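Peer 1: Following this message is one structure expressed as structure tokens.
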Amino acid sequence: PQETFAFVVRRVAPAEIGALVRGAIARVHEFAALNGGPQGPPMAITTAPDEYGSLVVEAGWPVPAAAVPAAPVEVRTLAPTRALRHLHAGPYEELGVGFYAELFAAAHERGLTPASAPRERYLNDPSTDEVPLTEIVWPLS
């Protein structure tokens, strides 16, 4: 389904992703609370690394469609899409370039073509004793 995504965006080195995502999720949660509340779990959309190894990361929350951006928080609509879905149970650190290369290869083996950056939805709170659950939603062409 279509959803409105409020996020903070930065270009970072792989080692900086965790800190950026944690900080952005906290910052955007404040924004979401003032704009009708979060409409789903926190999420991040991360590009493939560029020639220098940097990635562009958008991290935040789904929000009501009427939410208006307020710097540094941006808002955009994510269109409904056909997608590859994968549920990962384990540390976020396992979701690196190698993980996505394997998922990309598995998609191609099944005749599927990822069309844009994958979305990670963080389904539970990793500060508890629970194993982190991350839903990967990778739009397909």
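The values are calculated or read from the model by the stated rules, or taken from the named source; none is laboratory data. Because the structure is a prediction, the values reported are computed rather than measured. Glycine gets a Cβ as well: all are built from the backbone with ideal geometry, and neighbour counts include every protein chain shown. Heads up: the accessible areas ignore ligands, DNA and RNA and are worked out on the full protein's heavy atoms, side chains in. Shrake-Rupley method; radii C 1.70, N 1.55, O 1.52, S 1.80 Å.
Peer 1: Every residue in region 105-118 that is more than 24 Å from Val131 (Cβ to Cβ) and not basic (Lys, Arg), please.
Peer 2: In the first step, residues of region 105-118 are kept if they are more than 24 Å from Val131 (Cβ to Cβ); the result is 105, 107-117.
Result: Ala105, Ala107, His108, Glu109, Gly111, Leu112, Thr113, Pro114, Ala115, Ser116, Ala117.
Peer 1: Can you name every residue in region 112-141 that is open to solvent by 40 Å² or more (accessible area, probe 1.4 Å) and either closer than 15 Å to His88 by Cβ or out of contact with any strand residue (DSSP E or B) (no Cβ under 7 Å at 6 or more places or on another chain) (or both)?
Peer 2: First, the residues of region 112-141 that are open to solvent by 40 Å² or more (accessible area, probe 1.4 Å): 113, 115-116, 123, 125-131, 133, 135, 141.
Answer for region 112-141, where residues must be open to solvent by 40 Å² or more (accessible area, probe 1.4 Å) and either closer than 15 Å to His88 by Cβ or out of contact with any strand residue (DSSP E or B) (no Cβ under 7 Å at 6 or more places or on another chain) (or both): Leu123, Asp125, Pro126, Ser127, Thr128, Asp129, Glu130, Val131, Leu133, Glu135, Ser141.
Peer 1: Quick one: which of Ala66, Ala24, Ala59 is surrounded by fewer than 21 Cβ atoms within 10 Å (Cβ to Cβ) and either among the hydrophobic types (A, V, I, L, M, F, W, C) or touching a residue at least 40 places away in the same chain (Cβ under 8 Å) (or both)?
Peer 2: On the way: Ala24 fails: surrounded by fewer than 21 Cβ atoms within 10 Å (Cβ to Cβ); Ala59 fails: surrounded by fewer than 21 Cβ atoms within 10 Å (Cβ to Cβ).
So the residue among Ala66, Ala24, Ala59 that is surrounded by fewer than 21 Cβ atoms within 10 Å (Cβ to Cβ) and either among the hydrophobic types (A, V, I, L, M, F, W, C) or touching a residue at least 40 places away in the same chain (Cβ under 8 Å) (or both) is Ala66.
Peer 1: So, in region 90-111, of the ones that are under 16 Å from the mean Cα position of the chain (by Cα), of a type in the set (A, V, I, L, M) and open to solvent by less than 70 Å² (accessible area, probe 1.4 Å), which residue ends up farthest from Tyr122 (Cα to Cα)?
Peer 2: Leu103
Peer 1: Does Thr47 fit the bill of being within 13 Å of the chain's Cα centre (by Cα), farther than 15 Å from Tyr122 by Cα and not charged (D, E, K, R)?
Peer 2: Details: within 13 Å of the chain's Cα centre (by Cα): yes; farther than 15 Å from Tyr122 by Cα: yes; not charged (D, E, K, R): yes.
For Thr47, the condition - within 13 Å of the chain's Cα centre (by Cα), farther than 15 Å from Tyr122 by Cα and not charged (D, E, K, R) - is met.
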